[in-house]
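Right, one structure below, let's go through it.
The values are calculated or read from the model by the stated rules, or taken from the named source; none is laboratory data. What you are looking at is a predicted structure, and each value in this text was computed from that prediction instead of being measured. Here the Cβ positions follow ideal geometry from the backbone for every residue, glycine too, while neighbour counts run over all protein chains shown. Quick note on the areas: whole protein, heavy atoms, side chains included, nothing else; ligands and nucleic acids left out. Shrake-Rupley method; radii C 1.70, N 1.55, O 1.52, S 1.80 Å.
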Amino acid sequence: MKPMWGVVLPVKRLTAAKSRLRGAVTGVPHERLVLALAQDTVTAVLASAGVAEVLAVSDDPAVGRALAALGARVVPDVPGGGLNAAFAYGAGLLAHRPVAALAADLPALCPADLSAALRQAAGPHRHFVADAPGTGTVLLTAPAGVRLDPRFGPGSAAAHRRSGAVPLAGDWPTLRRDVDTAADLDAAVRLGLGPHSAGVAQAPTRCSSS
């Protein structure tokens, strides 16, 4: 698949992000764990077939330095209006190509899972992928020139469906496994983590980057 997708990943300031995950790994600073989740997500996205560019939206200097070092383009969160505003802003900067809005807390993500979802998402419609429980959203896509209309947050899968986005039903366990709580992190560990998160959590690494 020819690289064409622009992927947007907003990342909050590390001190404010993922509050329900605080203390999930004993002895590890919360900010270090949250950054590792984002680093592994970006690493997997950049290794995914079809991805031409990763745009991280963040005001945290540590996030900016770390994700830029991996190859992401980092821009400040100009709207400063929360997750959906950041997604919409990033999508506007990538309006010349198909856009994928992706959660930045997918430490077990295998590039092949994301590549398969993006192949299914090609076409004239907006699409989304629900999270493992089926109520949230990990991925929302829009063709070039079509407004992304992100509705992330509680109940976002139903909200995206109501907005006209078409659900994708592939079996992509590493794509659907976002991490908000310690239980979520345990589930991601069972799938195998990316190298940054695995190092922090002293856990097995995930699949290869194919």
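Within the range 174-197, which residues are surrounded by 15 or more Cβ atoms within 10 Å (Cβ to Cβ), closer than 20 Å to PRO154 by Cα and not aliphatic (A, V, I, L, M)?
ARG176, ARG177, ASP178, ASP180, ASP184
Name the residues in the range 5-26 that are more than 12 Å from the chain's Cα centre (by Cα), assigned to a loop (DSSP other than H, G, I, E, B) and buried (at least 16 other Cβ atoms within 10 Å of the Cβ), would you?
LYS12, LEU14, ALA17, LYS18, ALA24, VAL25
Among VAL166, VAL129, which is the only one that is under 22 Å from MET4 (Cα atoms), in contact with a strand residue (DSSP E or B) (Cβ under 9 Å, 6 or more places away or on another chain) and open to solvent by 20 Å² or more (accessible area, probe 1.4 Å)?
After applying the criteria, what remains is VAL166.
Does the range 113-134 contain at least one residue that is more than 21 Å from ALA24 (Cβ to Cβ), outside any loop (DSSP other than H, G, I, E, B) and in contact with an Asp or Glu (Cβ under 7 Å, 6 or more places away or on another chain)?
no
Within the range 197-209, is there a residue that is part of a loop (DSSP other than H, G, I, E, B) and within 17 Å of the chain's Cα centre (by Cα)?
yes
Determine which member of the set SER48, SER156, SER115, SER58 is polar (S, T, N, Q) and touching a Pro at 6+ places or on another chain (Cβ under 6 Å).
On the way: SER156 fails: touching a Pro at 6+ places or on another chain (Cβ under 6 Å); SER115 fails: touching a Pro at 6+ places or on another chain (Cβ under 6 Å); SER58 fails: touching a Pro at 6+ places or on another chain (Cβ under 6 Å).
None of the others qualify; the one that does is SER48.
Cβ-Cβ below 8 Å, separation at least six or inter-chain, first residue in the range 68-85 and of a type outside the set (A, V, I, L, M, F, W, C), second part of a loop (DSSP other than H, G, I, E, B) and open to solvent by 50 Å² or more (accessible area, probe 1.4 Å): which pairs?
Note: pairs meeting the criteria are PRO76/ASP59; ASP77/ASP59; GLY80/ASP59; ASN84/ARG151.
Suppose we filter the range 78-111 for residues that are open to solvent by 10 Å² or more (accessible area, probe 1.4 Å), assigned to a loop (DSSP other than H, G, I, E, B) and either over 22 Å from THR205 (Cα atoms) or hydroxyl-bearing (Ser, Thr, Tyr) (or both); how many remain?
Total satisfying the criteria: 9.
Condition first: open to solvent by less than 10 Å² (accessible area, probe 1.4 Å) and either part of a helix (DSSP H, G or I) or basic (Lys, Arg) (or both). Now tell me which residues in the range 48-77 satisfy that.
VAL63, LEU67
Whether any residue in the range 137-147 is of a type in the set (Lys, Arg), in a helix (DSSP H, G or I) and at negative phi is what I want to check.
No, there is no match, as no residue in the range 137-147 is of a type in the set (Lys, Arg), in a helix (DSSP H, G or I) and at negative phi.
Would you confirm whether or not the range 27-34 contains a residue that is at pLDDT 95 or above, buried (at least 22 other Cβ atoms within 10 Å of the Cβ) and part of a helix (DSSP H, G or I)?
Within the range 27-34, one or more residues are at pLDDT 95 or above, buried (at least 22 other Cβ atoms within 10 Å of the Cβ) and part of a helix (DSSP H, G or I).
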